[in-house]
C-alpha cells in the first residue's frame, strides 16, 4: 500500500475529472487565504491576506496546462518617508503540470491535484517593487528633523553637509577669501601706481 504525503491547501486544485482526457477544460475562481506571507523586506503579502485566482485547467496528452490571473494586495512602507503603502498586484501565470516526473518539467500532478502556491508566490514576489514609494513624487523626510516633508509643502529640506567634507569646505572658503584679498590689494596697487604716474607727469611739465 502506497501512502501519499500530499496535503491539500487553499492553493491546490483537483483535476481528477480531466486527467488523461485531452481537450477537456475546467475553470475555477479561488480565494485563498495565506497561512504564511511572502514578499521582500519592505513590502509583501501578509499572513491572513487573500489571493484571488481565476484559473483555467486544460488537459493535454502529457499533463495539465494551468493558466491563472492572480490578484492580491501587497502592504509595506515607503522607502522615502516610511508611510504605509498598499499596492494592488496583478500577475498572470501559466505552467504545465506533467503526469509523470521528468527533468523537462518543473511541476507534476500529485494525487490528481495541482498545487499553485509555488507559482503564485514566485510571480507575486517578482512583481513587487524593490523600492516602494507612497507616491512617485514623495519628497521623503527632512534629514535634520525627521519630519515628513509632504506635511510641510512650503519647507525646503535642510542641506546637511557630510562632516568628511567640512574641512574641505573650510579650505575652499579660505582660498576664496585669500583670492578676494589678493584682488583687492592688486586693485589698490594699480590705483596708487596710476596716481604716482600722474604726479611724475605734472613735475616734468
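For the reader, a short list of remarks on this structure follows.
- Exactly one residue among 74, 68 is in contact with a helix residue (DSSP H, G or I) (Cβ under 9 Å, 6 or more places away or on another chain), under 30 Å from residue 20 (Cβ atoms) and at pLDDT 95 or above, and that residue is 68.
- Where residue 45 falls short, out of the listed (1) closer than 30 Å to residue 17 by Cβ; (2) touching a strand residue (DSSP E or B) at 6+ places or on another chain (Cβ under 6 Å); (3) touching a residue at least 24 places away in the same chain (Cβ under 8 Å): (1)
- Any hit, the range 52-71, residues being under 23 Å from residue 135 (Cα atoms) and touching a strand residue (DSSP E or B) at 6+ places or on another chain (Cβ under 8 Å): yes
- Residue in the range 167-179 that is in a strand (DSSP E or B), farther than 30 Å from residue 46 by Cα and either in contact with a strand residue (DSSP E or B) (Cβ under 8 Å, 6 or more places away or on another chain) or at pLDDT 60 or above (or both) present: no
- Subset tally (residues that are surrounded by fewer than 18 Cβ atoms within 10 Å (Cβ to Cβ) and within 24 Å of residue 40 (Cβ to Cβ)) for the range 108-122: 3
- Given (1) surrounded by 13 or more Cβ atoms within 10 Å (Cβ to Cβ); (2) within 21 Å of the chain's Cα centre (by Cα); (3) touching a residue at least 24 places away in the same chain (Cβ under 8 Å), index of the condition residue 92 fails: (1)
- Breaking point among (1) under 18 Å from residue 68 (Cα atoms); (2) modelled with pLDDT of 95 or more, for residue 43: (1)
The values are calculated or read from the model by the stated rules, or taken from the named source; none is laboratory data. Note that the structure is a prediction, hence the values are computed from the model and not measured. Positions of Cβ are backbone-derived with ideal geometry, glycine not excepted, and every protein chain shown enters the neighbour counts.
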